[in-house]
1. Which one of these does residue B:291 not meet: (1) under 24 Å from residue B:103 (Cα atoms); (2) hydrophobic (A, V, I, L, M, F, W, C); (3) touching a residue at least 12 places away in the same chain (Cβ under 8 Å)?
2. Kindly provide the set of residues from region B:110-143 that are small (Gly, Ala, Ser), touching a residue at least 40 places away in the same chain (Cβ under 8 Å) and facing chain A (nearest Cβ under 7 Å), ordered by number.
3. Can you tell me which residue among B:214, B:271, B:289 is hydroxyl-bearing (Ser, Thr, Tyr) and modelled with pLDDT of 85 or more?
4. May I ask you to say which residue of B:296, B:226 is farther than 25 Å from residue A:157 by Cβ, more than 11 Å from chain A (Cβ to nearest Cβ) and hydrophobic (A, V, I, L, M, F, W, C)?
5. Picking from A:269, A:294, which residue would you name as being buried (at least 22 other Cβ atoms within 10 Å of the Cβ) and either among the charged types (D, E, K, R) or in the same structural domain as residue A:181 (by TED's automatic domain parsing) (or both)?
6. I'm told residue B:178 meets every condition in (1) surrounded by fewer than 17 Cβ atoms within 10 Å (Cβ to Cβ); (2) within 20 Å of residue A:48 (Cα to Cα); (3) aliphatic (A, V, I, L, M) except one. Can you identify the failing condition by its number?
7. State yes or no: is residue B:58 within 13 Å of chain A (Cβ to nearest Cβ) and buried (at least 18 other Cβ atoms within 10 Å of the Cβ)?
8. Of the conditions (1) more than 10 Å from chain A (Cβ to nearest Cβ); (2) surrounded by fewer than 19 Cβ atoms within 10 Å (Cβ to Cβ); (3) not aromatic (Phe, Trp, Tyr), residue B:198 satisfies every one except a single condition; which number is it?
Amino acid sequence: MSSTAQELIPPEAQEPGGGRIGRTRGGRVRRLTGRDKVVLSLMVGIPTLIELALVWLPTLMSIGLSFTRWNGLDLADIRPAGTENYQYITQDYPPFWPAVQHNFMWLLFLALIATPLGLLLAVLLDQNIRGSKIYQSIFFAPVMLSLALIGIIWQLFYQRDNGLLNFILGTAGTPQAVDWFGDSSVNIWAAMIAATWRHAGYVMLLYLAGLKGVDPSLREAASIDGANAYQTFFRVVFPAMRPINIVIVVITIIESLRAFDVVYVINRGTNGLEMLSALVIQNLVGEGQVIGVGSALAVVLLVISLVPIVFYLSRTFGKENRA
Amino acid sequence: MSTTPARTVRTGRIQAASAQRTGSMPKRHYGTHIFLLVMAVMWLIPLGWSLYTALRPVASTNEHGYFSFAGDFNFDNFVQAWTQGGFATYFWNSVIITVPAVLLTLFLASLMAFAVSRVSWKFNVTLLIMFTAGNLLPPQVLAAPLFEMAKHFEVPYSFSDSGNMLNTYIIVIAVNTAFQMGFCTFVLSNYMKALSADLTEAALVDGAGIWRQYREIIMPLCRPAFAALGTLQVIFIYNDYFWPLIFIQSGNRLPITTAINNLQGEFLSNYNLLAAGAVITVIPTLVIYLLLQRQFVAGLTLGSSKG
């Protein structure tokens, strides 16, 4: 990570030929009229105020509320609780550890199955094969759907008695039929497959853009040097797509932390489908409204999310400053 | 000149290499095609099954079962979902939320992006980091405080029948805007940074103020970015399930994406109707995708191109 001082240097000053631009920019700042200054402060001020009030203030409040006990009714009833909520969720709250485990499984499934599948599809479709555009449209179609709708569509597919899957397996209507979204021993897998349906298409799209951006002379050079297709891809093309790879890693981690809609649509994230994000909401809208407990869960989610966020930001903005 | 022979040799070798590749192509592509075909069929099954179920009246499936080709096919389920299922209302609610949210997001993000990318100020990068990071947070992290803020923000009953900001479209629009603004600011600022500095320099010489530089020079040049981001944001906000779930309590004010979950409870035994509801919900995104595919794809990749 670059130092804070470095981050504060405006990117313009670091651009090639920065000297000239820096000087004229400096000149322009001096030439700003009073009216310009008012316009600029409104341009920065209004969006910043909204961002602070509706994104960062609530984030800080989540942290604050996680150390209190509150039923969400009267503001005067907020009582300090120390680390009680954290002790409660880690020691006495049964769904917590299953939720952590499920979030982790979700991440592994997306990282080891959905993402490589998307990459494979992109590599295959990047060759000029016939029907490539049609295939791309098909694989990409689920990306346009909301995860909530994906939950409904797969529910129709997974149902015990009238779902297509059990019919294909020949178990529909028999006692052996599995309720794919209802049975707590299999529903997490069924939900992860539904999520893969969307994630792989998204990854495919990003890699297709990435592959087009790889300098063709790199491949030619590799093939002249006698590299076969696998070597060319894994040693030359894949490393050349480093910026896209970073974005994909970050998206995969963040998607697995955000996994909410699918499980919430299926059964509100209970009975085998516990996820951290769903537990936060259960404690917010459920009876009793234990805001402190919900906030402690939100903080756990926040702390884990900060890892990929900081990684991404330091890559993106760090590089910008060094360039 | 002296490099010409060497280059010819090199080109020759490249041609030989690519000829070799072409030679082995049919064999490799045979397997590729089978794999892609199988995957494509698997990919289409869930959607196809929903459409098939939606097209069959519940009477046919009751009589012949779900796994048959017998009986009628018609659009009765769609008509029923649209009229009795309340989909006309839900769809309109989605429009009321999506249109202002997208316009506001793009407008505010363009102001912010202009300021941080075209004017030199020492807090530019800090602000940009704050906006980008905000968009990457899981929404659930902010849900409880935002819900309480809306609940304790009292307004006259003439303005909202709940007496606070809960159950209003405004809070859903505002939070969606705040959340999406970060991403749009990030993308637009990258786009504006790539525009030549001379453009605004020239305007400055002509005595154009900041607002005219923004309005008359930078905005028109950003049209492609706006088209891509606008398409993307329409789909993002239309597809948003979470914020209305938190803020909207009366069922008839829900947008379509959140409302369809209620349908699941209401029509538990009528999967045909549920399928029709799902297909109706897909249609707007499908239309946008077919009409503006290039914009949508551009929007998705814009954010990642500058990684």
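The values are calculated or read from the model by the stated rules, or taken from the named source; none is laboratory data. What you see is a predicted model; the values in this text were computed from it and never measured. Because the Cβ atoms are built from the backbone with ideal geometry, glycine has one as well, and the counts that use them run over all protein chains shown.
1. It fails just one condition, (3).
2. Within region B:110-143, B:133, B:134, B:143 qualify.
3. Among B:214, B:271, B:289, only B:214 is hydroxyl-bearing (Ser, Thr, Tyr) and modelled with pLDDT of 85 or more.
4. B:226
5. Within the list A:269, A:294, the selection yields A:269.
6. That leaves (1) as the condition not met.
7. Considered against the rule, which asks whether it is within 13 Å of chain A (Cβ to nearest Cβ) and buried (at least 18 other Cβ atoms within 10 Å of the Cβ), residue B:58 comes out as no.
8. (1)
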